[in-house]
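J.: Sharing a structure, written as structure tokens. Questions coming.
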Amino acid sequence: MMIVMKEDATEEEIGAVIEKIEHAGALAHPIKGARLTVIGAIGDVEQDVNIEGLGLEGQPGVDRVLPILKPYKLASAQIRHGERTVLDIEGRKIGGEHFALIAGPCTVESREQTLQTARVVRDAGVALLRGGAYKPRTSPYAFQGLGVEGLRLLAEAKAETGLPIVTELMDLRDLDDVLEVADVIQIGARNMANFPLLTEIGRSGRPALLKRGLSATLDELLMAAEYILKEGNPGVMLCERGIRTFETDHRRVTLDIMAVPILKELTHLPVIVDPSHAAGRRALVPALSLAAAAAGADGIIVEVHPNPDEAVCDGPQALLADTFAEYAAAVQRTAELAGKALSAA
């Protein structure tokens, strides 16, 4: 259920509604907007919590009580009552009218490579630095990342450039180490349905970038986001990174550009697009990036490398550091044409 409070509802009245919801055994998720507060009341189906029988319609300060029709309650656009979630990552805003470019190496390989790339993307106006310390690979014999040493290099890059860090978490055993460095935890496509991992990230309170699984529907992506949101963590970004279709020639997967406007209808959460992993080829990344920005994406995450031919991971899809500034300027112009304000250092 969604409880819409009156504009002049007091903190005491809001608190009383929350207390009544929690006393019934349900979860209360207050969302304070610019004009009013909305409280999401989520009951446990297995425990048969009857939220409708609480009589909240007559509670002081309550304007109206509405059902949330979607199975993803907290991710639904309905619960924000027309407002969109805007994340603030150390002053970089993502969502609503704000557009953020996230860029960096696929994986941290060395100190020189990491710092050089971080400087390049910072100078081009990027909002956040991405980099993998732990890498999920199809082959168990492929490079798996530098682990804790990679995290240390990312922390050094942040100290020098001031860029917040986006890095992937794959294993709960690495959560504490990642939390020491990551400003945003990336959840890869392979872990979209790793529900224990999503739950712990939700409990951590750290913002998360949740990638769509290769064969996942949009509803399944939103239900995955719900695992994070229900733990009281509102900082979720959704990421479209391509899905498997019958088309396998000339591309790695198919980038679902239509997912951007559809997700904008379904959810209040920011929508990010990853053209690097969808394309698998550097030549396709600029066109896909411009298409994503024009479609209204709240940000783009791409891979950059000073020498892609020598990269240990995904070199063919990495943008060249030498020409990255031109790419970034083109994407930013397109985002501005789509009505977005740029978020940068």
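J.: Tally the residues that are part of a loop (DSSP other than H, G, I, E, B), surrounded by fewer than 23 Cβ atoms within 10 Å (Cβ to Cβ) and among the small types (Gly, Ala, Ser), restricting the search to segment 155-185.
T.: Of the residues in that region, 1 qualify.
J.: Yes or no: segment 253-276 includes at least one residue that is part of a helix (DSSP H, G or I), in the same structural domain as LYS135 (by TED's automatic domain parsing) and modelled with pLDDT under 95.
T.: Within segment 253-276, none of the residues are part of a helix (DSSP H, G or I), in the same structural domain as LYS135 (by TED's automatic domain parsing) and modelled with pLDDT under 95.
J.: Here is a follow-up. Checking TYR72 against (1) aromatic (Phe, Trp, Tyr); (2) assigned to a loop (DSSP other than H, G, I, E, B); (3) at pLDDT 95 or above, only one condition comes out false. Which one?
T.: Failed condition: (3).
J.: In segment 109-154, which residues are surrounded by fewer than 16 Cβ atoms within 10 Å (Cβ to Cβ), assigned to a loop (DSSP other than H, G, I, E, B) and out of contact with any Lys or Arg (no Cβ under 6 Å at 6 or more places or on another chain)?
T.: SER110, ARG137, THR138, SER139, PRO140, TYR141, ALA142, PHE143, GLY147, listed by residue number.
J.: Tell me, yes or no, whether segment 82-103 has at least one residue that is closer than 20 Å to HIS268 by Cβ, without any contact (Cβ under 8 Å) to a residue 40 or more places away in the chain and not charged (D, E, K, R).
T.: Yes, segment 82-103 has at least one match.
J.: So, in segment 228-245, of the ones that are more than 14 Å from ILE257 (Cβ to Cβ) and among the charged types (D, E, K, R), which residue ends up farthest from the chain's Cα centre (by Cα)?
T.: Taking the candidates together, the pick is ARG244.
J.: Sticking with this one: Working only within segment 1-16, note down all residues that are touching a strand residue (DSSP E or B) at 6+ places or on another chain (Cβ under 6 Å) and not in a strand (DSSP E or B).
T.: MET1, LYS6, ILE14, listed by residue number.
J.: Taking interchain pairs and intrachain pairs at least six residues apart, which have beta carbon atoms under 7 angstrom, with the first residue in segment 212-225 and assigned by TED's automatic domain parsing to the domain that holds GLU240 and over 14 Å from THR254 (Cα atoms) and the second assigned to a helix (DSSP H, G or I) and modelled with pLDDT of 95 or more?
T.: Correct list of pairs: LEU218/ALA259; LEU218/ILE262; LEU218/LEU263; LEU218/LEU266; LEU222/LEU266; ALA224/LEU198.
J.: Return yes or no: is VAL285 in contact with a helix residue (DSSP H, G or I) (Cβ under 6 Å, 6 or more places away or on another chain), under 27 Å from LEU146 (Cα atoms) and assigned by TED's automatic domain parsing to the domain that holds GLN116?
T.: yes
J.: Okay, next question. Could you say whether any residue in segment 308-331 is buried (at least 19 other Cβ atoms within 10 Å of the Cβ) and within 27 Å of ALA77 (Cβ to Cβ)?
T.: Scanning segment 308-331 turns up at least one residue that is buried (at least 19 other Cβ atoms within 10 Å of the Cβ) and within 27 Å of ALA77 (Cβ to Cβ).
J.: Return only the number of the condition from (1) modelled with pLDDT of 95 or more; (2) small (Gly, Ala, Ser); (3) farther than 18 Å from ASP183 by Cα that ALA159 does not satisfy.
T.: Just one mismatch for ALA159, condition (3).
J.: Of everything in segment 199-258 that's surrounded by 17 or more Cβ atoms within 10 Å (Cβ to Cβ) and among the basic types (Lys, Arg), which residue is farthest from ILE300 (Cα to Cα)?
T.: Going through the qualifying residues, I end up with LYS230.
J.: For segment 232-242, check the following and say yes or no: at least one residue is in a loop (DSSP other than H, G, I, E, B) and within 24 Å of ALA279 (Cβ to Cβ).
T.: Yes: segment 232-242 contains one or more residues that are in a loop (DSSP other than H, G, I, E, B) and within 24 Å of ALA279 (Cβ to Cβ).
J.: Could you check segment 296-335 and list, in sequence order, the residues that are among the aliphatic types (A, V, I, L, M), under 13 Å from GLU109 (Cα atoms) and at pLDDT 95 or above?
T.: Of everything in segment 296-335, just one residue is among the aliphatic types (A, V, I, L, M), under 13 Å from GLU109 (Cα atoms) and at pLDDT 95 or above, namely VAL304.
The values are calculated or read from the model by the stated rules, or taken from the named source; none is laboratory data. What you are looking at is a predicted structure, and each value in this text was computed from that prediction instead of being measured. When we count neighbours, we look across all protein chains shown, and the Cβ atoms used for this are built from the backbone with ideal geometry, even at glycine.
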